[in-house]
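Notes for the one structure printed next.
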Amino acid sequence: MFLNNAWYVACMPAEIDDKPLGRTVCKQPIVFYRGGDGVVAALEDFCPHRGAPLSLGRVIEGKLVCGYHGLEMGCDGKTIAMPGQRVRGFAPIRSYPVVERHGFVWVWPGDAAQANAALIPDCAWADNPDWAYGGGLFHIGCDYRLMVDNLMDLTHETYVHATSIGQKEIDDTPSVTKTEGDQVTTSRFMANITPPPFWKLALRGNHLPDDQSVDRWQICHFSPPSQVMIEVGVALAGQGGYHADAKVKASSVVVDFITPESDTSIWYFWGMARNFNARDKALTAAIRDGQGKIFSEDLEMLERQQQNLLAWPERALLKLNIDAGGVQARRVLDRLIAAERVGAPASPVSAS
Amino acid sequence: MFLNNAWYVACMPAEIDDKPLGRTVCKQPIVFYRGGDGVVAALEDFCPHRGAPLSLGRVIEGKLVCGYHGLEMGCDGKTIAMPGQRVRGFAPIRSYPVVERHGFVWVWPGDAAQANAALIPDCAWADNPDWAYGGGLFHIGCDYRLMVDNLMDLTHETYVHATSIGQKEIDDTPSVTKTEGDQVTTSRFMANITPPPFWKLALRGNHLPDDQSVDRWQICHFSPPSQVMIEVGVALAGQGGYHADAKVKASSVVVDFITPESDTSIWYFWGMARNFNARDKALTAAIRDGQGKIFSEDLEMLERQQQNLLAWPERALLKLNIDAGGVQARRVLDRLIAAERVGAPASPVSAS
Amino acid sequence: MFLNNAWYVACMPAEIDDKPLGRTVCKQPIVFYRGGDGVVAALEDFCPHRGAPLSLGRVIEGKLVCGYHGLEMGCDGKTIAMPGQRVRGFAPIRSYPVVERHGFVWVWPGDAAQANAALIPDCAWADNPDWAYGGGLFHIGCDYRLMVDNLMDLTHETYVHATSIGQKEIDDTPSVTKTEGDQVTTSRFMANITPPPFWKLALRGNHLPDDQSVDRWQICHFSPPSQVMIEVGVALAGQGGYHADAKVKASSVVVDFITPESDTSIWYFWGMARNFNARDKALTAAIRDGQGKIFSEDLEMLERQQQNLLAWPERALLKLNIDAGGVQARRVLDRLIAAERVGAPASPVSAS
């Protein structure tokens, strides 16, 4: 139940700087590496000679050399050479559209003819000195849609993240969800509340007092195939909230790229981009550490939830108003996946 | 192949004192916790909202609060409240009859209408200052009936527990097995033998000499669904053996409550109750440590036996006279399980 | 896809000196032990009483005593005795032809009537003071034929073992493969090359200079069911190479006995026999350590290759000239296995 004709984050650039990386995306084992001139390439992780994983090989002069018997593979999936062999008749292996952009490596696991790099989502913070970004990667044993649900219903913060970003007012404040085209947005605005510990840290990081009431907002943007950008922030109370002047607020974007590995496991790329005090690297590190700790609190819950759903497959779940974000996101996904399956004319997934 | 309409030990009370406990009994994942006034409750470990395990939640003012989105569950399986939601229409989850008694938490995984707390087995030692009890819990990868077999044929002590309670005379002394109703008893009486190390410890613990010949007995009582109480002891030789005066013997009851988790795994609650020198806590600890070490010697054997039986499913096992206890216990179980399956009128399992 | 009517190495003698050993050969769980007079015996690892693994038992006066209830098993699979039981009617368990020879324990998992100890392969180095032998055992998660492929195509040395025995000249020098009866031989001769590190060690070990050019050879001999003997060596260049006088060369035999455990796992007995400086035990140890390190480099590759082949079962592999050894070995195996399956008249596998 994946969308195949879409861009997914495959890895962070540093993961392929030293050697090839084998990673399964949408059930497809793929090797990612830097070919000629350091340009990223992605191929089936299967040597056409004897089936060895090419990710155990090395890159030599831009060619991926199989670590078993030295077959030299080109970035297009065609064998370039092999010691003592004529390789012209070797069947090619599949190559995948792949692009390095915005600090990520993006792969298109579906029909290559439909891949268009212009569809890679914008990342406002990338290559912009007014922004800072820090993040990480988790491997989690759950369906990617459970993570989308998680991120589109932030009432869970009150319970899962009670000591950092959770607070009762999240529960008490209804959210509003709407779908426009393929985008789903869930918003919640809380006025005149006490900032929880994580936001006190952020306020101090922006040289603002942390002992005053604030207005707080959470605006979750889902885009297919499985990304969730969350505008979050606090402003000193009564100064305009979300629209307040930058000098009286601390705000950022929670960045979530969710890449299915299998039906019940994901590679979860999480991070936070902020546009205040962007040059303070110690603050970037402190926020990343804090976010990493907070997000790790979701892991056991998601994996145990997945196990429960596998154990009780026949049981229907509730769809409450707080679940509207996840529910509408699934509706978008179901529609796009159905269209992809009937081979509908290309209306490829754009992410912004 | 479990009896469902029966009381099983689910956990020890201390396991739920601080937080809810998730435990699978007879293939049913259940959350155990202390609700209002600390009274134990048991529910399906599945939040009706999104399927999260309720055992990851917390108990607040007697209500089990889901750790994901804060749904408040009552001890009857009906949702009490949820932030910002009307919950009247929420489908209830299953609640299980559960009783705390005799130092254990008991659960009835079958038809709740048939559950009767009067059927919980007596435990003579509980709440009785003349008795002391110590025990523990093992998780073992075997069919619960293999553990019943183990406990109903103590000739294995000679081989598995050669350095503690085993001795050749166990093999040399025939046992007698008889079934009365649903109870199976296997008895063995050995006269004028040398006590093995564990019993020397017990004799010293009762201020008796450990260098004299003794009479020794083992009387194994199986009761459905899967408990085995074993009267064991030694008396100075020739003083009446099992019937000797308490002053010349050391005797106790080996307590075994076996709770199936799956077809091939169990929660094994083991312990020893004694009615001599009951106030000596150091002795209680020494006996528990010794028993724990002895019983852990069975684990590898039981798990490897289970693997062998799975590998050779077609192979019939022998049923020798020493196996009579286990064989007759299975006959009782087969009869009761068959009756339960045809929905026979309630003749529920009593354990004493 | 195993040949059953064949001798396989089951274990090294030291593995059964102290206690019985349970090991699965060709999917058959077998217990190996020393019976009367220390003679090796092999039986199904299944006690006829209650299915316990006999390998958890002990050998007492040549009898294998089950560690659960004391059944005494004879080397022929017939129960000898059991405490308090008449055992005459006990069904026998299967006994396997087994022979200790040449420093290994050999088992015949197929039709016992066809087992002939004369078919056990010769091991020239065994019991010969002019030879020294050192080796080890690995458990690897791959089809045994992938290991045969590995050993019959040594071009992988250039890539997998680049820092020890690999060198580019292996790739550059074509090999010649031929099949005679059930034997497959792949040979490669390299003239006037620089010896790689492992062979420098061997040259020094034979008191020869390690800074001169050498001629090098690799002659791989496959014999069914799954053994590969590789004559390897270097001689100072231009002195006759493979046929050079012993004084100017360092040569040895790489010994590989591959025993299938399951369809996707093996017990791999590897070693090296040499006939130079045979009394130098430190050299034997140094060579064994070096070989162990080198061979361990193959493990991840073989296991990951196996996983890839399971993931892409429909994909055909290439059969290049370098693969001829493995390809022809499989042809021999296919023919013998097919013959075995139709119950062809015994033309049992001889290994030399």
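Every number here is computed from the coordinates shown, using simple stated rules; none is lab data. Every value quoted in this text rests on a predicted model; they were computed, and no experiment measured them. Cβ placement follows ideal geometry from the backbone for every residue including glycine, while neighbour counts extend to all protein chains displayed.
Summed over qualifying helices (DSSP H, 4 residues or more, each -39500 (n - 2.57)) and divided by its residue number, the protein assembly as shown shows a 222 nm mean residue ellipticity of -7000 deg cm²/dmol.
Extending 7 Å from the Cα toward the beta-carbon at both C:PHE138 and C:ARG88 defines two label points whose distance is 5.4 nm.
With kT/(6 pi eta Rh) evaluated at 10 °C and eta = 1.306 mPa s, and Rh the Kirkwood radius from Cα pairs, segment A:120-272 diffuses with a coefficient of 97 µm²/s according to Stokes-Einstein. For segment A:2-78 versus segment B:264-284, the inter-centroid distance based on Cα atoms is 59 Å.
Kirkwood-type hydrodynamic radius, segment A:33-80: 10.3 Å, calculated from all non-identical alpha-carbon pairs. Using a ≥ b ≥ c from the Cα gyration tensor of segment C:8-118 (square roots of the eigenvalues), is it rounded, prolate or oblate, where a/c under 1.5 gives rounded and otherwise the larger of a/b and b/c decides, a/b for prolate? The shape class here is prolate. Over segment B:240-325, the hull volume per residue, using the convex hull of the C-alpha atoms, is 133 Å³.
Calculated FRET efficiency, A:ALA339 to B:ALA338, Cβ-Cβ distance, R0 = 56 Å: about 0.55 to the nearest 0.05.
With 25 Å as the limit, the listed pairs B:LYS293/C:LYS63; A:LYS19/C:LYS168; B:LYS19/B:LYS281; A:LYS19/C:LYS319; A:LYS168/A:LYS293; B:LYS19/B:LYS78 have B:LYS293/C:LYS63; B:LYS19/B:LYS281; A:LYS19/C:LYS319 beyond it between alpha carbons.
Does the protein assembly as shown classify as rounded, prolate or oblate by the C-alpha gyration tensor (a ≥ b ≥ c root eigenvalues; a/c under 1.5 gives rounded; else a/b over b/c gives prolate, otherwise oblate)? In terms of gyration-tensor shape, oblate. Under the combined filter of DSSP loop state and at most 10 neighbouring Cβ atoms within 10 Å, segment B:158-241 retains none of its chymotrypsin sites (Phe, Trp or Tyr not before Pro). Taking the Cα centre of segment B:56-132 as origin and assigning +1 to Lys and Arg Cβ atoms and -1 to Asp and Glu Cβ atoms, the resulting dipole is close to 600 debye.
Mean-square fluctuations from a GNM of chain B, with a 10 angstrom spring cutoff on Cα atoms, peak among B:GLY36, B:GLY325, B:GLY166 at B:GLY36. Along Cα→Cβ, 7 Å out, is where each label goes; now give me the distance between the ones at B:GLU300 and C:PHE189 in nm to one decimal. In this crude spin-label approximation the distance works out to 5.4 nm. Taking every C-alpha pair closer than 8 Å and separated by at least 6 residues, the mean separation divided by the residue count of segment A:8-118 gives a relative contact order of 25 percent. Note on chain B: with a GNM built from Cα contacts shorter than 10 Å, the maximum mean-square fluctuation among B:SER164, B:SER296, B:SER175 falls on B:SER296. Counting only other chain Cβ atoms within 10 Å of each residue's Cβ, the peptide B:171-178 averages 2. Comparing mean-square fluctuations of A:PRO13, A:PRO109, A:PRO92 from a GNM of chain A with C-alpha springs under 10 Å, the top value falls on A:PRO92.
Rounded to the nearest 0.05, what FRET efficiency do C:ASP211 and C:LYS178 have when you use their Cβ-Cβ distance and R0 = 41 Å?
Calculated value: 0.70.
Derived scalar couplings between HN and Hα for segment A:66-74 equal 4, x, 9, 10, x, 4, 9, 9, x Hz in order, rounded to whole Hz, by the Karplus curve 6.51 cos²θ - 1.76 cosθ + 1.60 (θ = phi - 60°), x for Gly and Pro. As a length-normalised measure over Cα pairs under 8 Å and 6 or more apart, the relative contact order of chain B settles at 19 percent. log10 I(q)/I(0), Debye, Cα-only chain C, no solvent, q = 0.07, 0.08, 0.13 Å⁻¹? Computed log10 I(q)/I(0) values: -0.34, -0.44, -1.04. Take the alpha-carbon centre of segment A:232-256, take the same for segment A:165-179, and report the distance between them in whole Å. Rounded to whole Å, the Cα centres lie 16 Å apart.
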